[in-house]
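To start, the structure itself, in structure tokens.
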Amino acid sequence: MPKKVNDIFIEDSAVAEPELYVDDEELENSFDPSQADEHQVFLNVLLAYDEAKRKRDKYKKFGPIFILVSGIVFLSLIFALESKIDFLILWIITDFYCAALMIRADYKFYKFKKILGVIPSTDEELAGTEEESE
């Protein structure tokens, strides 16, 4: 006998895949911390993972470009104006800040991958996956 899934009748032999897309606005409006269940927490972690991935990709793409462009701008200011030490200090602060943002975004992405189980969390699991591949 066919089963009804999402107002569509399917045969028993057919496999219905669950809908993985979650609307951000629907999730934010429906979240109640007092009634949080495991599925809701997983969806929130998944959304945070997607946000961390988006930021990581953006910082990875534009971070090195910004460091190079800021270096060219500050070097031109250092050679063109008299306050060389001030622009050198600003250049160094800018480079450290940009590098710290890139490292932070990469670490947050790594942390969410570890929480979701995308990467092995222990050395024993890592060794087990290496042995299986050989």
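The values are calculated or read from the model by the stated rules, or taken from the named source; none is laboratory data. Note that the coordinates shown come from a computational prediction; the quantities given were computed from them, not determined experimentally. When we count neighbours, we look across all protein chains shown, and the Cβ atoms used for this are built from the backbone with ideal geometry, even at glycine.
Over 22 Å from the mean Cα position of the chain (by Cα), modelled with pLDDT of 90 or more and among the hydrophobic types (A, V, I, L, M, F, W, C) - does that describe any residue in segment 49-61? Scanning segment 49-61 turns up no residue that is over 22 Å from the mean Cα position of the chain (by Cα), modelled with pLDDT of 90 or more and among the hydrophobic types (A, V, I, L, M, F, W, C).
The residues of segment 48-86 that are among the small types (Gly, Ala, Ser) and either closer than 15 Å to PHE109 by Cα or touching a residue at least 24 places away in the same chain (Cβ under 8 Å) (or both), listed by number, are ALA48, ALA52, GLY63, SER70, GLY71. Restricting attention to segment 84-134, the residues that are over 27 Å from PHE42 (Cα atoms) and modelled with pLDDT of 90 or more total 17.
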